[in-house]
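Heads up, the thing below is written out as structure tokens.
The values are calculated or read from the model by the stated rules, or taken from the named source; none is laboratory data. Remember, predicted model here, so these are calculated numbers, not experimental data. Here the Cβ is made from the backbone with ideal geometry for all residues, glycine too, and neighbour counts use every protein chain on show. We work out accessible area using only protein heavy atoms, side chains counted, and drop any ligands, DNA or RNA first. Shrake-Rupley method; radii C 1.70, N 1.55, O 1.52, S 1.80 Å.
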Amino acid sequence: MKYHRLGRTSLEVSTLGFGASPLGNVFGNTSLADDERAVATAIDLGINFFDVSPYYGLTLAEQRLGTAFANRRNQVILATKCGRYGLSKFDFSAKGIRSGFEASLARLKTDHVDLLQVHDVEFASTEQVIQETIPAMRELQMEGKTRFIGITGYPVKLLTRIAREVEVDTVLSYCRYNLMNTDMDDVLTPFTCEQNIGLINASPLLMGILTNRGAPEWHLASNEIKEAAKRATEVAVKHGIDISTLALQFSLAHPSVASTLIGMATAEEVKTNVLSAENALDLSLVSEVKKAIGEGFASTWPSGLPEHWD
């Protein structure tokens, strides 16, 4: 396993990160026993960066991750989020951030996290995030309850704007650097590199689209995007490789991303992803897959408040 410094923080994170949303049954039901084996296997194989949120499974993912860590909390770099607590349940106020985070700590069975992040900034007023949410998180940092703070979201221009206006340690972008879309590199990547802000890339499989089973029912992507992903999958199958393997390898090859987060819920998934990370990317196959995907169609979808769409 390779490790990268997370921006200007003191954290050395595994290039392959453990996305814990599947522990909340987001992509199908899993058992606590399977989750515990997945977490233990990940740690044993060198994965030290774990990312979760109270939103995933409506607190279930945090509960299961806290249980799965058992006596191994000191072996991992733990990140959770605040501000989003349900499909349409948000609270970015200072009071809400503190109470929500205290509840997260209890579920995670720890007295601190290594990284606390605003979850999905596109659902909040930018002014509130800058003037109230992040200052509240800095207070928690001063109290020793989180070592560093960051922001997460879908619109890359919004993430860049917020990071320009208020100091943050990390930025997590999801679904904006993958086989189907690389526009994270248009504005966000150059800015984080310039400012030495830790850049985290999540959802290299486009939240399940770039898999043999295809997108889950709740996915917001257009049918055009889903059909393009099917074409990519067919090309990968023809070459004897799983499209998710290629997609993960493609994202892991990004030179400026500290860690790429992918959802995992079983020990077998962990082993497969670690093996994928160790193998070289086939650039000729990437070119063929991108040709099958095609160009000229919108590769994003609306998320959050309309004024934040990009």
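Springs between Cα atoms under 10 Å define the GNM used for the chain, and in it the highest mean-square fluctuation of Gly214, Gly57, Gly294 occurs at Gly294. Amide H to amide H, which residues 5 or more places from Tyr3 or on other chains are under 5 Å from it, using H placed in the peptide plane? Amide H neighbours of Tyr3, under 5 Å, 5+ apart: Thr15.
Put +1 on the Cβ of every Lys and Arg and -1 on every Asp and Glu Cβ in the chain; which of Leu60, Ser287, Gln141 then has its Cα farthest towards the positive end of the dipole? Highest projection toward the positive end goes to Leu60.
Taking the Cα centre of the chain as reference, the dipole from Cβ charges on Lys and Arg (+1) and Asp and Glu (-1) amounts to some 400 debye.
DSSP bridge analysis restricted to the chain gives an antiparallel fraction near 10%, rounded to the nearest 5. The base-10 log of I(q)/I(0) for the stretch 25-77, evaluated at q = 0.18, 0.20, 0.24, 0.32 Å⁻¹, reads -0.56, -0.69, -0.98, -1.39 [Debye formula, identical scatterers on Cα atoms, solvent excluded]. What's the angle, to the nearest 10 degrees (0 to 90), between helix 184-195's Cα axis and the longest principal axis of the chain? Tilt of helix 184-195: around 40 degrees. Using the Karplus curve 6.51 cos²θ - 1.76 cosθ + 1.60 with θ = phi - 60°, work out ³J(HN,Hα) for each residue of the stretch 224-236 in order, rounded to whole Hz, and write x for Gly and Pro. Running phi through 6.51 cos²θ - 1.76 cosθ + 1.60 with θ = phi - 60° gives 5, 5, 5, 5, 4, 5, 5, 5, 5, 4, 4, 5, 4 Hz.
Note on the stretch 161-290: with neighbouring protein chains present and a 1.4 Å probe, carbon and sulfur make up 48 percent of its accessible heavy-atom surface. Semi-axes of the equivalent ellipsoid of the stretch 163-244 are 30, 13, 10 Å, computed as sqrt(5λ) over the eigenvalues of the C-alpha gyration tensor in descending order. Coupling constants for the stretch 206-220 follow from the phi torsions by the Karplus curve (6.51 cos²θ - 1.76 cosθ + 1.60, θ = phi - 60°), and in residue order they are 6, 6, x, 5, 8, 9, 5, 7, x, 5, x, 4, 7, 5, 8 Hz; glycine and proline get x. Across Lys226, Lys89, Lys109, mean-square fluctuation computed from a Gaussian network of the chain (C-alpha pairs under 10 Å connected) peaks at Lys89.
Database remark: amide H of Phe49 closer than 5 angstrom to the amide H of Ser14, Phe18, Ile77 (H placed geometrically; neighbours at sequence offset of 5 or more, or on other chains; Pro and chain starts carry no H). Between the C-alpha center of the stretch 18-86 and that of the stretch 91-108 there is a gap of 17 Å. Annotation: the antiparallel percentage among DSSP beta bridges lying fully within the stretch 1-138 is about 30. For the chain, the 222 nm mean residue ellipticity estimated from helices alone, with every DSSP H stretch of n ≥ 4 adding -39500 (n - 2.57) and the total spread over all residues, rounds to -12000 deg cm²/dmol. Structure note, pairs Lys95/Lys145; Lys81/Lys157; Lys2/Lys109; Lys226/Lys291; Lys145/Lys271; Lys238/Lys271: Cα-Cα distances above 25 angstrom occur for Lys2/Lys109; Lys145/Lys271.
Distant-in-sequence amide contacts of Val113, defined by a placed amide H-H separation under 5 Å and a gap of 5 or more residues or a different chain, comprise Thr146, Arg147. Counted residue by residue at 0.36 nm each, then reduced by the alpha carbon distance between them, the extension gain from Ala70 to Glu167 reaches 31.6 nm. Three principal axis extents describe the C-alpha atoms of the stretch 174-310; from largest down they are 41, 32, 31 Å.
Name the residue, out of Ser299, Ser173, Ser104, whose mean-square fluctuation peaks in a Gaussian network model built on the chain with Cα pairs under 10 Å. Maximum among the listed residues: Ser299. A protection proxy built from the mean count of other Cβ atoms within 10 Å ranks the segments 227-240, 2-15, most packed first, as 2-15, 227-240.
Remark: the stretch 40-48, residue by residue, has Karplus-estimated 3J(HN,Hα) of 4, 5, 4, 5, 4, 8, x, 6, 10 Hz, where x stands for each Gly or Pro and the curve is 6.51 cos²θ - 1.76 cosθ + 1.60 at θ = phi - 60°. Here the chain is treated as a sphere whose radius is the Kirkwood value from Cα pairs; by Stokes-Einstein at 20 °C and 1.002 mPa s it diffuses with a coefficient of 111 µm²/s.
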